[in-house]
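Novice: Sharing a structure below in structure tokens format, with a few things to ask.
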Amino acid sequence: MTQDLRSYLELVKSKMAEEFVAISKEVDPAYEITAIAAKVEREVKRRPILLFKKVKGSRFPVLTNLHAGRSRLALAMNVAPEAMQAGYLKAMEKPLKPKIVAKGPVQEVVFKESRINLYDLPQIIHHEGDAGPYLTAAISFARSPDGDIWNCAYNRLMIQGRDRTSIHLTLAKHLWEFYCAAEAKKEPLPVAFAIGVHPAIALGALAIGSIDEDERGVMGALLGEPLELVRCETSDLLVPAHAEMVIEAEILPDERTAEGPFGEFTGYSLGERQREVVKVRAITHRKEPLFQDINVGHLDHMLLSTVPIEANLYRAVRAMVPSVKAVRVPAPFTCYIAIEQRITGQAKNAMLAALGGDLYMKRVVVVDHDVDIFNDRAVNWAMATRCQPDRDIAIITNARGSDLDPSTQEDGYTAKWGVDATAKPSLAAYVPRHRVPAAVWKRIDLKNFLS
Ligand code: MN
């Protein structure tokens with residue numbers, strides 16, 4: 001099969017061998033895995049996949065830094081690095097229906113009831129101040145309690161007992177919506193978490209869209225074949241047949257526990273909150289599974305999430321402004337948009353589409369198509385020379401944003417702002433930019449002057 005993590009690792013080893021490093025020396029799961037990945041990122045200037053073969057206190061090897069290279073993500077999507085956004089948009093527009101299979105390697109080994117023990121897993125503590133060991137690469141697979149809508153998402157899980165974790169459900173997102181419906185009926189919400197998957201599955205899980213858009217279809221389209229699913233041992237949920245490991249569970253109604261602090265992608269370690277509780281019903285895995293970790297707030301995480309966010313924003317803006325040229329997410333909650341404005345007002349429409357098209361978006365800067373949004377200095381130049389703050393900044397108050405934004409008054413209740421840094425007032429007439437006359441530019445050959 002080509003849809004498991006192992007075959008992807010073999011592909012990386014054959015095509016870009018220098019991007020895979022196995023470490024035999026034993027590491028402590030408390031801080032050392034994060035420290036090594038962060039030091040590699042900073043000091044070695046390359047970001048190989050890291051496989052820690054021996055992790056203190058656990059029989060499972062740990063794979064991390066899987067997504068920390070654009071060329072590796074492109075390889076997983078089977079496209080050139082510059083074609084990733086187009087490839088992702090195509091997968092969103094033409095999802096492939098998943099395929100249910102009778103058996104899958106993810107159920108080669110099954111632990112139920114008293115044999116469930118989350119403390120057998122690597123107890124990875126990522127950053128100073130984290131409340132405990134976290135599972136950061138768990139992708140939830142769930143179904144709405146009142147229909148046939150499926151959802152996948154990344155949710156951080158903190159190990160809180162042999163068969164118990166807390167879960168961070170992003171407030172106002174799809175799994176939270178499912179959970180609210182289940183809790184209203186005083187019922188648990190069945191959920192299964194896949195750990196250790198092909199990066200195309202990881203990218204698909206992060207697809208942003210309407211609640212009835214099925215992330216599993218995007219996963220299949222990115223893989224180039226339908227995602228194969230098997231039925232869980234303890235529920236009728238469906239999980240990737242070729243995952244390394246699955247945790248079958250339910251989120252309990254009317255129960256909360258202390259969750260956090262945890263160092264997040266914002267660069268902050270946000271404080272303790274009362275959050276939902278997960279009861280584990282089974283742990284299944286392949287023979288000799290790889291346990292996957294994601295280095296939250298580092299490239300492993302940032303590159304992975306940026307591709308789906310930018311593709312969705314491009315789609316949302318293009319629905320309003322067909323002449324959009326590019327969209328970039330350079331920082332948390334921030335997006336730059338370049339448009340070829342054909343008629344007055346389109347910059348603001350682009351701004352509103354982006355702010356409305358992604359729960360997390362808080363600051364949007366719109367520039368003309370002659371500004372390179374992949375160059376921060378060029379965006380700053382446009383903000384400085386094409387924008388009057390009293391005229392061109394729009395602030396929207398009391399909206400819903402990210403519950404991980406430490407600047408909000410209460411979890412995620414936020415203002416949002418847009419900056420129109422397009423040239424004004426007349427679209428036809430840009431203020432001319434200085435240049436040397438074209439004929440002189442062409443005539444001058446530096447050889448004649450500097451030799
Ligand atoms: Mn969804």
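The values are calculated or read from the model by the stated rules, or taken from the named source; none is laboratory data. Since the structure is predicted, the reported quantities are computational estimates derived from the model, not experimental observations. All Cβ positions, glycine included, derive from the backbone under ideal geometry; neighbour counts span all protein chains shown. The accessibility values were calculated without ligands, DNA or RNA, using every heavy atom of the protein model including side chains. Shrake-Rupley method; radii C 1.70, N 1.55, O 1.52, S 1.80 Å.
Novice: Go through (1) out of contact with any Gly (no Cβ under 9 Å at 6 or more places or on another chain); (2) surrounded by 15 or more Cβ atoms within 10 Å (Cβ to Cβ); (3) farther than 22 Å from Thr266 by Cβ; (4) at pLDDT 95 or above for Val366 and report which single condition fails.
Specialist: Evaluating Val366 over (1) out of contact with any Gly (no Cβ under 9 Å at 6 or more places or on another chain); (2) surrounded by 15 or more Cβ atoms within 10 Å (Cβ to Cβ); (3) farther than 22 Å from Thr266 by Cβ; (4) at pLDDT 95 or above leaves (1) as the failure.
Novice: Sticking with this one: Somewhere in the stretch 242-255, is a residue open to solvent by 10 Å² or more (accessible area, probe 1.4 Å) and within 16 Å of the ligand (Cβ to nearest atom)?
Specialist: For the stretch 242-255, residues open to solvent by 10 Å² or more (accessible area, probe 1.4 Å) and within 16 Å of the ligand (Cβ to nearest atom): absent.
Novice: Here's another thing I want to ask about it. Considering every residue within the stretch 371-385, establish whether at least one is surrounded by fewer than 22 Cβ atoms within 10 Å (Cβ to Cβ), more than 28 Å from the chain's Cα centre (by Cα) and farther than 30 Å from His298 by Cα.
Specialist: Within the stretch 371-385, one or more residues are surrounded by fewer than 22 Cβ atoms within 10 Å (Cβ to Cβ), more than 28 Å from the chain's Cα centre (by Cα) and farther than 30 Å from His298 by Cα.
Novice: Of the numbered conditions (1) more than 16 Å from the ligand (Cβ to nearest atom); (2) open to solvent by less than 30 Å² (accessible area, probe 1.4 Å); (3) modelled with pLDDT under 95, Gly297 fails exactly one; give the number of that condition.
Specialist: Of the numbered conditions (1) more than 16 Å from the ligand (Cβ to nearest atom); (2) open to solvent by less than 30 Å² (accessible area, probe 1.4 Å); (3) modelled with pLDDT under 95, the odd one out for Gly297 is (2).
Novice: Could I ask something else about it? Anything in the stretch 222-261 that is of a type outside the set (A, V, I, L, M, F, W, C) and outside any strand (DSSP E or B)? List them, or say none.
Specialist: Gly224, Glu225, Pro226, Glu233, Thr234, Ser235, Asp236, His242, Glu244, Gly260, Pro261
Novice: Can you name the condition, by its number, that Ser235 falls short on among (1) over 22 Å from the mean Cα position of the chain (by Cα); (2) within 16 Å of the ligand (Cβ to nearest atom); (3) small (Gly, Ala, Ser)?
Specialist: For Ser235, the exception is condition (2).
Novice: In the stretch 17-32, which residue that is farther than 27 Å from Pro105 by Cα and at pLDDT 95 or above is most open to solvent (accessible area, probe 1.4 Å)? Steps first, answer last, please.
Specialist: Going through the stretch 17-32, the residues farther than 27 Å from Pro105 by Cα turn out to be 18, 25-28, 30-32.
From what is left, the residues that are at pLDDT 95 or above are 25-28, 30-32.
Details: Lys25: 159, Glu26: 101, Val27: 8, Asp28: 47, Ala30: 30, Tyr31: 103, Glu32: 81 Å².
Only one residue fits best here, namely Lys25.
Novice: Select from the stretch 208-232 the residues that are touching a strand residue (DSSP E or B) at 6+ places or on another chain (Cβ under 8 Å) and of a type in the set (A, V, I, L, M, F, W, C) and write down the one among them that is farthest from the ligand (Cβ to nearest atom).
Specialist: Once the filter is applied, the top-ranked residue is Val230.
Novice: Another question about this same structure. Considering each residue of the stretch 324-346, count those that are surrounded by fewer than 24 Cβ atoms within 10 Å (Cβ to Cβ) and either under 16 Å from the mean Cα position of the chain (by Cα) or part of a helix (DSSP H, G or I) (or both), and give that number.
Specialist: Residues flagged as surrounded by fewer than 24 Cβ atoms within 10 Å (Cβ to Cβ) and either under 16 Å from the mean Cα position of the chain (by Cα) or part of a helix (DSSP H, G or I) (or both) within the stretch 324-346 amount to 8.
Novice: Additional query: Considering only the stretch 91-120, state which residues are within 30 Å of Arg328 (Cα to Cα) and open to solvent by 60 Å² or more (accessible area, probe 1.4 Å).
Specialist: Glu93, Lys94, Pro95, Leu96, Lys97, listed by residue number.
Novice: Could you list, in sequence order, all residues of the stretch 55-90 that are open to solvent by less than 40 Å² (accessible area, probe 1.4 Å) and over 16 Å from the mean Cα position of the chain (by Cα)?
Specialist: The answer is Val55, Ser58, Phe60, Pro61, Val62, Leu63, Leu75, Ala83, Gly87.
Novice: Another question, if that's okay. Only one of (1) open to solvent by 30 Å² or more (accessible area, probe 1.4 Å); (2) under 20 Å from the mean Cα position of the chain (by Cα); (3) more than 28 Å from Met84 (Cα to Cα) fails for Glu213. Which number is that?
Specialist: Tallying (1) open to solvent by 30 Å² or more (accessible area, probe 1.4 Å); (2) under 20 Å from the mean Cα position of the chain (by Cα); (3) more than 28 Å from Met84 (Cα to Cα), Glu213 fails exactly one: (3).
Novice: Test each condition in (1) open to solvent by 10 Å² or more (accessible area, probe 1.4 Å); (2) farther than 24 Å from Met77 by Cα for Arg318 and report the one that comes out false.
Specialist: Looking at each condition in turn, Arg318 falls short on (2).
Novice: Got a number for residues in the stretch 146-169 being at pLDDT 95 or above and more than 21 Å from Glu113 (Cα to Cα)?
Specialist: Result for the stretch 146-169: 10.
Novice: Anything in the stretch 118-144 that is more than 30 Å from Ala184 (Cα to Cα) and touching a residue at least 60 places away in the same chain (Cβ under 8 Å)? List them, or say none.
Specialist: Asp120, Leu121, Pro122, Gln123, Ile124, Ile125, His126, His127, Glu128, Gly129, Asp130, Pro133
Novice: Taking the criterion of being under 30 Å from His174 (Cα atoms) and not β-branched (Val, Ile, Thr), would at least one residue in the stretch 417-440 satisfy it?
Specialist: Yes, some residue in the stretch 417-440 is under 30 Å from His174 (Cα atoms) and not β-branched (Val, Ile, Thr).
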